[in-house]
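Engineer: This is the structure I have questions about; it appears just below.
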Amino acid sequence: NAGVTQTPKFQVLKTGQSMTLQCAQDMNHEYMSWYRQDPGMGLRLIHYSVGAGITDQGEVPNGYNVSRSTTEDFPLRLLSAAPSQTSVYFCASRPVQENPRLSTQYFGPGTRLTVL
Amino acid sequence: AQTVTQSQPEMSVQEAETVTLSCTYDTSESDYYLFWYKQPPSRQMILVIRQEAYKQQNATENRFSVNFQKAAKSFSLKISDSQLGDAAMYFCAYRSRWGGAQKLVFGQGTRLTINP
């Protein structure tokens, strides 16, 4: 049981390049989400998904696309990277059912992205 | 929209002493979750403690406890017998229990330093 995994750990892009940040979880969680963390700020929600085939926008979705073809994977795509997207990105997952014991969100280790 | 405020950007404490981190939030909901997350230099987000709003009893986890004041919308974290390994950034977070994105809303964080 690896939990939530993210690749790569570090990435440097040039403005205008595209890339995909990978996220996978092996806990059969329905809910997955992407956050970004900028200096002096808490994490902000980019996109989320409540199950395969279902995605929705969070607080800061512009410049990012997501898809959810399987329960396990939730990749985040940057189609044309901009310096404003320099940040640390976290993927998270949790079960959807409203059991307080299962309300905890599990975070991946993060990806540090720099856009030059 | 819900907001979370951590008014202490930095705190320091002597090893073995007690420190309290403050958090206030704003919401019109009556049922929700509150969390404290720890983020060490490794960047991993680690759940410290969780509180369900419908529970009047304050949550405790070993040396960590909270003071949950629902009417005042306050959720402080007390760390007893501080250890060097407690040094990290601490984030307070809110999550709705029902409906919508059920996203985590984070405060700006408090950097805790432990002095030996």
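Engineer: With only alpha-carbon atoms counted, please give the Rg and Dmax of the protein assembly as shown, in Å.
Structural biologist: Just the Cα atoms of the protein assembly as shown yield Rg and Dmax of 17.7, 52 Å.
Engineer: Follow-up question, since we're still on this one. Which trypsin sites (Lys or Arg not before Pro) in the stretch B:1-69 sit in a loop by DSSP (not H, G, I, E or B) and have at most 12 other Cβ atoms within 10 Å of their own Cβ? If you can, show how the numbers build up before the last one.
Structural biologist: On the way: sites: B:Lys38, B:Arg43, B:Arg50, B:Lys55, B:Arg63; in loops: B:Arg43, B:Lys55, B:Arg63.
Answer by residue number: B:Lys55.
Engineer: Also: In the stretch B:1-79, which GluC sites (Glu not before Pro) are in a loop and have at most 13 other Cβ atoms within 10 Å, using DSSP for the loop call? Display every interim value, and only then the final one.
Structural biologist: Values: sites: B:Glu10, B:Glu15, B:Glu17, B:Glu29, B:Glu52, B:Glu61; in loops: B:Glu15, B:Glu17, B:Glu29.
Answer by residue number: B:Glu15, B:Glu17, B:Glu29.
Engineer: Kindly give the semi-axes, whole Å and largest first, of the ellipsoid equivalent to the stretch B:1-73, taking each as the square root of 5 times a Cα gyration tensor eigenvalue.
Structural biologist: Numbers: eigenvalues 100, 44, 35 Å².
Ellipsoid half-lengths, sorted descending, are 22, 15, 13 Å.
Engineer: Which whole-number percent of Cα pairs in the stretch A:1-106 have a distance greater than 21 Å? Kindly include the intermediate steps, with their values, before the conclusion.
Structural biologist: Numbers: 1799 of 5565 pairs.
Summing the P(r) tail past 21 Å for the stretch A:1-106 gives 32 percent.
Engineer: Chymotrypsin sites (Phe, Trp or Tyr not before Pro), restricted to the stretch B:17-88: which are DSSP loop and have at most 12 other Cβ atoms within 10 Å?
Structural biologist: When the chymotrypsin sites (Phe, Trp or Tyr not before Pro) of the stretch B:17-88 are filtered for loop state and at most 12 Cβ neighbours within 10 Å, B:Tyr54 remain.
Engineer: Then there is this: When you look at the Cβ of every residue in B:39-48, what mean number of other chain Cβ atoms sits within 10 Å? List each step's numbers first, then the result.
Structural biologist: Numbers: counts 7, 0, 0, 2, 10, 5, 12, 1, 4, 0.
Shielding by partners across B:39-48 averages 4.
Engineer: Here is a further query. Largest first and to the nearest Å, give the Cα extent of the stretch A:1-63 along each principal axis.
Structural biologist: 35, 26, 25
Every read-out reported here was derived from the displayed coordinates using simple, explicitly stated rules and does not represent laboratory data. What you see is a predicted model, and the numbers here were worked out from it, not measured in a lab. Every residue, glycine as well, gets a Cβ built from its backbone with ideal geometry; the counts of neighbours run over all protein chains shown.
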